[in-house]
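> Next up is a structure, given as structure tokens.
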Amino acid sequence: MSDEQTVDEQAADAWTGYLAAAQRLDAVRRAASTAAGEQAATVQAAQQELAGVRARLAPQHARLVQDLGVPEIDLAPHAADQALAAQAIAGGPGAALAALRQARVTADAADAALLGPGPATPWRPWARNLLVYGPFAAAVLLVQIVLYLVAPSGSLPTYALLCGLSMPLLAFGLGWLTLGFVYGGEGHKVDRTPLVGAITCLTPVLLTCMGVGLLAFFR
């Protein structure tokens, strides 16, 4: 009975050792498979990054050579550049991917340096002219309010009516002249946008009439 028990124990120990070895082997296989998958993904990302960097460098190379007249020899990598590149990718696909991403950042900076700052967006004529017509129209509105306040209750004097009709024309004329003086020049035609100026300068008259009408209605 003892001999059979010893054999059973040995068989159990062997089976346990076999299971442990199989589990370790499976763990090693899984780790190797994961590492291989990650490496394959890194290699694929590096290849895509390389294609993107090449696409960015091609137009830069053409512009430097054709537009700016840079000699081809000056654009070829020197031995020191090649040594630095080899050192950067010596760590494997991950290091190569990092180096390519840094190269893309450098290509972006080169584009910005070649293109320079973009031109400032100019003011549209109507918006620019509104800044000129607007203060004159505000002065007209202010004068009309003062004339209404000092006028006798219930009626407007003749001079107030004449000012209400003539001051918008005066404001429009002053705005017209100011635009020519500020933005005009020899051989340069200024777009004075007369419709915008007329609407802006007549707005105080409309506001005054509406205010007078509302006050008369609520009295």
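> Just grab the label-to-label distance for residue 6 and residue 38, each label 7 Å out from Cα along the Cβ direction, in nm (one decimal).
A separation of 4.9 nm, rounded to one decimal place.
> Take residue 170 and residue 146, extend 7 Å from each Cα along the Cα→Cβ direction, and tell me the distance between the two endpoints in nm.
1.1 nm
> Modelled label-to-label distance, residue 112 and residue 209, 7 Å Cα→beta-carbon offset: nm?
Placing both labels 7 Å beyond Cα along the Cβ direction yields 5.6 nm.
> Determine how many Å³ per residue the convex hull of the Cα atoms of the range 13-115 encloses.
Per-residue hull volume (Cα only) is 101 Å³.
> Compute the FRET efficiency between residue 19 and residue 66 as 1/(1 + (r/R0)^6), taking r as their Cβ-Cβ distance and R0 = 45 Å, and round to the nearest 0.05.
Taking R0 as 45 Å, the efficiency between residue 19 and residue 66 is 0.05.
> In what order do 126, 176 fall by count of nearby beta-carbon atoms within 10 Å, going from fewest to most?
Taking fewest neighbouring Cβ atoms as first place, the list is 126, 176.
> List the equivalent ellipsoid semi-axes of the range 42-81 in whole Å, largest first, each obtained as the square root of 5λ for an eigenvalue λ of the Cα gyration tensor.
Semi-axis lengths for the range 42-81 are 25, 14, 4 Å.
> Would you order 163, 209 from fewest to most other beta-carbon atoms within 10 Å of each residue's own beta-carbon?
Arranged by neighbour count, lowest to highest, 163, 209 become 209, 163.
> Please give the charge dipole size of the range 13-115, origin at the Cα centre, charges +1 on K and R Cβ atoms and -1 on D and E Cβ atoms. Round to the nearest 20 debye.
Result for the range 13-115 is approximately 300 debye, rounded to the nearest 20.
> Grab the other residues whose beta carbon is less than 10 angstrom from that of residue 191, score K and R as +1, D and E as -1, and report the net.
Result for the neighbourhood of residue 191: +4.
> Along the charge dipole of the range 24-79, Cβ charges K/R +1 and D/E -1, which of 78, 44, 31 sits furthest on the positive end?
Checked the options; the winner is 31.
> So what J values fall out for the range 164-177 if you push phi through Karplus, 6.51 cos²θ - 1.76 cosθ + 1.60 with θ = phi - 60°, rounded to Hz, Gly and Pro as x?
Working through the residues one at a time gives x, 8, 8, 5, x, 5, 5, 5, 5, x, 5, x, 4, 5 Hz.
Every number in this text was worked out from the coordinates using simple rules, so none of it is lab data. Since the model is a prediction, treat every value here as computed from it, not as a measurement. FYI the Cβ positions are ideal-geometry reconstructions off the backbone, even for glycines, and counts take in every protein chain you see.
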